[in-house]
Structures are given as C-alpha cells and as structure tokens.
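Okay, structure first, notes after.
The values are calculated or read from the model by the stated rules, or taken from the named source; none is laboratory data. Not measured: the values here are computed from a predicted model. Cβ placement follows ideal geometry from the backbone for every residue including glycine, while neighbour counts extend to all protein chains displayed.
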C-alpha cells in the first residue's frame, strides 16, 4: 500500500509540474521570450532570422535612448530622494517614540498606496494647475512646480513613500533604542547615537525599501505620461508606449527599449544585494526584548503637525480633489456650492452608459484574473515545494520573472506573441488578451503567498490520505488546498484590487471599443470630461479599497470562529 501511495504521489506531483509548466509557459515565458527574439531578430514574425542584432544595435545607439535612459535614472533617483525625505523621519519617530494617534497616521499614510498613481497625478493637476482648486481657494497656483521634473518626482514620492515608511518603521522597531542608549551612556548625544548606531543597523531595510521605490518609479507609466509629456520629459516607459501606439509602429524598437528597462530594474535589485552583502548588520544579542518607546514631551505638537502635514499632502488633498471634481457639474464653474451635484455619478452609473460598461468589464476581468492567477499560483507553489527534480527550480524562477518585467514590457510581449501573422487563431483583440496580460503581471503574488502557506503545512496529512487510497489530485483538493485557502484568497483579493485598475497594459492591448476603468478615466481626461473621469476614479478607489478590506475582515472572522469551534 505504501508503494502505491508513493507512486500516486510521484504521478500527482508530475501532473502538477506539467500543468504549472504549461501555464507559466503560456502566460510568462512566451511574452518574455518574444521580447528578446523580436529585439534580436526583427523579422522573426515573418519567419526571417536575417540581420540579427542589427535593429537592436541601432536602437541602443540611438541618441534618443541615451536621453530616455538618463531621464529614467534621474526620475528614479530623484523620487527615491524625496521618498526618503518624507519617510525616514516619520518612520523613526513612529518606531522609537510614542506618537499621539499613531494608528490613525498609519491608516492615512496607507491610503496613497491604495490610490492608483495615475489617478493621484490627475488629482494634483486639478489642484495645482492655473485656475485649479488651490488658486480658487488662495489666489495662488503651483503650475510651474507641477509641470517640472522636481514636481513629478515629488508627486511620485507621495505615492511611493508609504513603502519606505512601513518597512522602516518595523525595522527601527526591531532595532529599538537600547543600542543607542548604550552609546549615550558613553557620552554620545541623541542625534549622534541615532546616526552612528540606530541608522546603520537599519541599513538593510533602508536599502531594500528605497530600491523598491526606484523599481516602482521607473516602471510607472501614468504620472510620467500625464505630467512629463507636457514638458517634453520622456522616459523609457513612455518611449516604449510611443513606439507601440503611434504611427509608424516600431515593435522591434519597443522590444529593444523593453530589454533596457528590464535590465535597469534587475540592476536595482543586484545593487541592493551588493550593498547588503558588503557589511554584516545582524544584531548580536540575546532573546528579544520589549520595545520601550519614549515620550515626545515638548516635541509632541511639532511631531503631530509633521504627520498631519504629510498626511494632508499624501491623502487628504488628492482625495478631496477627486471628490470635488467628481461633484462639479462643470470644471469651469469651480468649487461653488451651486456647481456641486451628483450628475456625474448619475451619468456614470446610468443603465447602458459607457462608464457602467467599463466598470463591469474591469470587475469581470479582476475576478477572472484573481481566480486564474490564484489557481495557477497554488498549483505552481505545490509543484515547486512538494515536487522533485531540478525543473521545479526553473518553475520557481519563471514564476518570479514578472517581478522584473514592468507592465509596459509585459504588454509589449503579449502584443508580440499574439499578433503574429502565422497564428491560426489568436486571443488578440479580444478581452482574453487582457486576462493574459493581467495574470502575467500579477502572478507572483499568489505564488509567493501559496509558497509561504505550503512551507507551514507538513506532509503527514497528505501522506495519510494517500495511504487511505486517495489519489494525489484528490488529496490536494480535499486537504492541501483548503489549508492553503486563507493565504490564496488573500492574494486573490490583492490581485483583484490591482487588476481592476491596471492602466498601461489596458491602454496597449485592450480590444477596440473595449474599455476598462483605467482606460475610461484616461480617455475622459483626454476628451475634457474631467467630472466623469473623476467620478469613475472615486468609484474605483472605493471598489478596490473597501471591497478587499471587507473581504479580509470577513475571512478573519470566519477564521476566528473556526479556531474557536475547534478549541
């Protein structure tokens, strides 16, 4: 009996291995492969392998590439600087001192991360531009700053600094103040103790979070497209989009620029590893001690004012701008009470309207992406963790590949794969092409969640089921999958929230006449229907924020009730 169980287990792991390989090959490997192939062999679509590297060399030697690459680096590094300026002081204060209303500030700082960057950029345009909301209220406008490179950096930092804040606040809490206290005993002042002891010990978290901000910045499309193009500041992401969407179409050039962008993102992670490997930052101490946060004393009011100022910039002003624009009957009418109403929401949600159709399209795609990515993520994680052989290492690496592929690169790869003239059938110009693009971009999340859950599940229950005669597939469906369910469902909620509002892939590969939430908002602004666009943006924020939070709360309640009944 044990021999049959072992054979079944081997056959089961092989079946999962093949399913995972087929899914990853279709969703991830093919787009990545075609980006490389078309960059090297421009005529591969017509069956020609002539003049390899000729177009790629021309692209790499194009002076425009040097400009795009320089602008991308400048934007990434500048955004990192602004994000560090905003996040590091707040994180240190939050971790080491008793900040009044700390949980409220955490929540307010989290909100910008839930607002899509392109929506935040559009809200700041409505606020700071000439005759914008700031000028209506104060008589001043900040148009020159808004439409400048430092302005773009600062606005992108407002969306990304929460990553640094939350990582560093936990890092500083782990380090604590006890080591700097030792320095102060030996005569160091509080600032010297912080910069010479606490700050260096937090270097791993600082490097990881800031390099993550850099990667997020160079991959972001919405803000550079909304603001940078108005001042002629093009970056690699917008350069790739130009080659795909503007005549003459230059797919080999887009593939070449995509390789440059992927290389830049990978270089950021390699620099991170190099920085962390140069020195040892481990804290050599005994068992963990309770964290004693210090009172702020006379500094309480200035610290609260600092948190309130940053929260106002990052959260309150963009949300109010979105809501104000959504409620305005006409933008030229300004913020007068007589100009306020629910007409835009009524038009948006009217039966048969384009807005309601776009909302339904995005919700349907978000749910489909969550289900497909969740299932493939669970199968891939099972094949990697429970399987045997070296090929599972390849699957693991392939499942993480989208992390190094910006959304615009995924979109280019999807176009190159499914727009080949020799294909007998293709999902191109159908909603299925968006589903493939979303799954490729978001697949790493369910894979990582499922992998972590499987690491905590032993083999005894599954082995017992196999010994009792259950097949590997039945044991997986009846035992392993239910135990993984909480982690998988959490990742699926995250996938749904991001897929429902994804911009660049939607703009590039959406079928003709098929609109999603992001495409609808973008086109409404292009057409001058700002009120309708902002009404959709407000609905998108509510849907992609409140629904996941409610589902997570329900899952936690169910989990607690199940634990209570078992006890």
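Selection of region 46-92 for residues being free of Cβ contacts under 8 Å to residues at least 40 places away in the same chain and at positive phi yields 51, 53. Just checking, how many residues over region 328-353 are touching a helix residue (DSSP H, G or I) at 6+ places or on another chain (Cβ under 7 Å), assigned to a helix (DSSP H, G or I) and in contact (Cβ under 8 Å) with a residue 12 or more places away in the chain? Looking only at that region, the number is 5. Being at pLDDT 90 or above and either farther than 16 Å from residue 413 by Cβ or under 29 Å from the mean Cα position of the chain (by Cα) (or both) is the filter here, so list the residues in region 30-56 that pass it. Answer for region 30-56, where residues must be at pLDDT 90 or above and either farther than 16 Å from residue 413 by Cβ or under 29 Å from the mean Cα position of the chain (by Cα) (or both): 30, 31, 32, 33, 34, 35, 36, 37, 38, 39. Consider region 404-419 and keep the residues that are farther than 14 Å from residue 24 by Cα and within 17 Å of the chain's Cα centre (by Cα). The one that is surrounded by the fewest Cβ atoms within 10 Å (Cβ to Cβ) is 404. Yes or no: residue 436 part of a helix (DSSP H, G or I), in the same structural domain as residue 28 (by TED's automatic domain parsing) and closer than 30 Å to residue 220 by Cα? It is true that residue 436 is part of a helix (DSSP H, G or I), in the same structural domain as residue 28 (by TED's automatic domain parsing) and closer than 30 Å to residue 220 by Cα. None of 463, 505 is over 21 Å from the mean Cα position of the chain (by Cα) and in contact (Cβ under 8 Å) with a residue 12 or more places away in the chain except 463. Test of understanding: among 371, 365, 376, which residue is surrounded by fewer than 22 Cβ atoms within 10 Å (Cβ to Cβ) and either part of a helix (DSSP H, G or I) or not assigned by TED's automatic domain parsing to the domain that holds residue 545 (or both)? Selected residue: 371, the only one of 371, 365, 376 that is surrounded by fewer than 22 Cβ atoms within 10 Å (Cβ to Cβ) and either part of a helix (DSSP H, G or I) or not assigned by TED's automatic domain parsing to the domain that holds residue 545 (or both). Of all the numbered requirements in (1) surrounded by fewer than 18 Cβ atoms within 10 Å (Cβ to Cβ); (2) in a helix (DSSP H, G or I); (3) in contact (Cβ under 8 Å) with a residue 12 or more places away in the chain, residue 384 misses one, and that requirement is (1). Restricted to region 460-527, the set of helices (runs of 4 or more DSSP H) holding at least 1 residues that are farther than 30 Å from residue 359 by Cβ comprises 460-467, 472-475, 481-499. Can you tell me how many residues within region 140-155 are assigned to a helix (DSSP H, G or I) and surrounded by 18 or more Cβ atoms within 10 Å (Cβ to Cβ)? Of the residues in region 140-155, 6 are assigned to a helix (DSSP H, G or I) and surrounded by 18 or more Cβ atoms within 10 Å (Cβ to Cβ).
Please give the number of the condition residue 95 fails out of (1) over 29 Å from residue 494 (Cα atoms); (2) touching a residue at least 40 places away in the same chain (Cβ under 8 Å). Exception for residue 95: condition (1). The sole residue among 473, 451 that is more than 19 Å from residue 541 (Cβ to Cβ), surrounded by fewer than 16 Cβ atoms within 10 Å (Cβ to Cβ), in contact with a helix residue (DSSP H, G or I) (Cβ under 8 Å, 6 or more places away or on another chain) and touching a residue at least 60 places away in the same chain (Cβ under 8 Å) is 473. Entry remark, region 62-96: residues being under 17 Å from residue 261 (Cβ atoms) and loosely packed, with under 14 Cβ neighbours inside 10 Å number 3 in total. When you scan region 420-431, do you find a residue that is touching a helix residue (DSSP H, G or I) at 6+ places or on another chain (Cβ under 7 Å) and buried (at least 22 other Cβ atoms within 10 Å of the Cβ), even just one? No, region 420-431 has no match at all. Against the condition over 22 Å from residue 393 (Cβ atoms), in the same structural domain as residue 549 (by TED's automatic domain parsing), modelled with pLDDT of 75 or more and not in a helix (DSSP H, G or I), how does residue 421 come out, does it pass? Yes, satisfied. Taken together, the criteria exclude residue 184 from residues that are part of a helix (DSSP H, G or I), surrounded by fewer than 20 Cβ atoms within 10 Å (Cβ to Cβ) and at pLDDT 70 or above. Please tell me if residue 167 is over 25 Å from residue 234 (Cβ atoms) and surrounded by 23 or more Cβ atoms within 10 Å (Cβ to Cβ). No.
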